[in-house]
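Enquirer: Quick one: the structure is below, and I'll ask about it shortly.
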Amino acid sequence: MAAWTNQLQDYERDGFLVLRDFVAPTTCDELRLRAEELVQEFDPAGVISIFTTHEQSRVTDDYFLESADKIRFFFEEDAFFPNGTLKQSKEQSINKIGHALHTLDPVFRAFSHSSEVRKLVADLAIADPRLAQSMYIFKQPKIGGEVGCHQDSTFLYTEPTDIAGLWLALEDATINNGCLWAIPGGHRLGLKSRWVRAPEGGMRFDVFDSEPWPEEQLQPLEVAKGTLILLHGLLPHKSLANRSTKSRHAYTLHVISGKSRYAPENWLQPRSDSGGFARL
């Protein structure tokens, strides 16, 4: 990976930074192979948790809300027939794996704590960096769902805001198969909402700004395999549905500062006896 510190001003200006050739293609292949093995080992009997990309209508369940320190599997919204049976194989139906691959799986843990990741986070000057969550996202051919425009800080809120998303393309990501789109400079628009645990149970959105996103300003981030996209926690970004015949696998990490206050109302909560999120 080329030195990127000279591009820090671009990251501060745009709220994102594209780091090409962050890892070798062989590293991507290793992560993909391990994800395939995990899916093959997964027995979905009695476990049907669907990840819908419109969180406002998401029926949250304990399987999802208690996944901070577990490796769990979530299906695509369009993976099932009306009678509840899968339209195609299990391997072609999973939306994502989350949210503790970075601590519980040796292959993903090795990458998540690699020298490349550590150096990048150190250059960001995040104080006492912690890995809050990890996700392996499949963006399946034909049925890969849209992810609406959102800010990561809506779901992983800290005070002050000190969060970065690391999005690694494990395959080429194009407009056709659902690459990321982002609003350059959109991280300066402020936090629009928070997704919080409701006192009566379940989740709700606390909305601070109901104005629609200026989605006409969205720009596609088409990248090659091995590219890492760095995302500010307040950056508005999205991805469209994948209706192509090619998947768009990606591995994501979210890094927060251990010096910031992590909100107890956030959906993702470490187990009380776990000592908190993993240090990087």
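The values are calculated or read from the model by the stated rules, or taken from the named source; none is laboratory data. All values derive from a computational prediction rather than experimental measurement. Counting neighbours? That spans all protein chains shown, and the Cβs are built from the backbone with ideal geometry, glycine included.
Enquirer: If I go through the range 192-225 residue by residue, how many of them are among the aliphatic types (A, V, I, L, M) and in a strand (DSSP E or B)?
Expert: 5
Enquirer: Mind counting the residues in the range 177-191 that are under 18 Å from the mean Cα position of the chain (by Cα), assigned to a loop (DSSP other than H, G, I, E, B) and under 13 Å from D14 (Cβ atoms)?
Expert: Residues flagged as under 18 Å from the mean Cα position of the chain (by Cα), assigned to a loop (DSSP other than H, G, I, E, B) and under 13 Å from D14 (Cβ atoms) within the range 177-191 amount to 1.
Enquirer: Would you tally the residues in the range 116-140 being more than 19 Å from L31 (Cβ to Cβ) and assigned to a loop (DSSP other than H, G, I, E, B)?
Expert: 4
Enquirer: Has the range 226-240 got any residue that is more than 30 Å from T174 (Cα to Cα), in a strand (DSSP E or B), of a type in the set (A, V, I, L, M) and touching a residue at least 60 places away in the same chain (Cβ under 8 Å)?
Expert: No: the range 226-240 contains no residue that is more than 30 Å from T174 (Cα to Cα), in a strand (DSSP E or B), of a type in the set (A, V, I, L, M) and touching a residue at least 60 places away in the same chain (Cβ under 8 Å).
Enquirer: Can I ask one more? Of A278, A224, A263, which residue is at pLDDT 95 or above, within 19 Å of S153 (Cα to Cα) and among the small types (G, A, S)?
Expert: A263
Enquirer: Restricting attention to the range 171-195, which residues are of a type in the set (A, V, I, L, M) and either surrounded by 18 or more Cβ atoms within 10 Å (Cβ to Cβ) or farther than 28 Å from G226 by Cα (or both)?
Expert: Selection gives A173, L180, A182, I183, L189, L191.
Enquirer: As an exercise: evaluate A198 against (1) surrounded by fewer than 23 Cβ atoms within 10 Å (Cβ to Cβ); (2) at pLDDT 95 or above and give the number of the one condition it does not meet.
Expert: Of (1) surrounded by fewer than 23 Cβ atoms within 10 Å (Cβ to Cβ); (2) at pLDDT 95 or above, only one is false for A198: (2).
Enquirer: Ok, one more. Out of everything in the range 74-104 that is in a loop (DSSP other than H, G, I, E, B) and closer than 22 Å to D62 by Cβ, what residue ends up being nearest to the chain's Cα centre (by Cα)?
Expert: For the range 74-104, the residue satisfying everything is A100.
Enquirer: Examine the range 73-94 for a residue that is acidic (D, E) and over 21 Å from N242 (Cα atoms), and state whether such a residue exists.
Expert: no
Enquirer: Give the residues of the range 222-268 that are among the polar types (S, T, N, Q) and either touching a strand residue (DSSP E or B) at 6+ places or on another chain (Cβ under 6 Å) or crowded, with 17+ Cβ neighbours inside 10 Å (or both), sorted by residue number.
Expert: Across the range 222-268, the qualifying residues are T227, S239, N242, S247, T252, S257, S260, N266.
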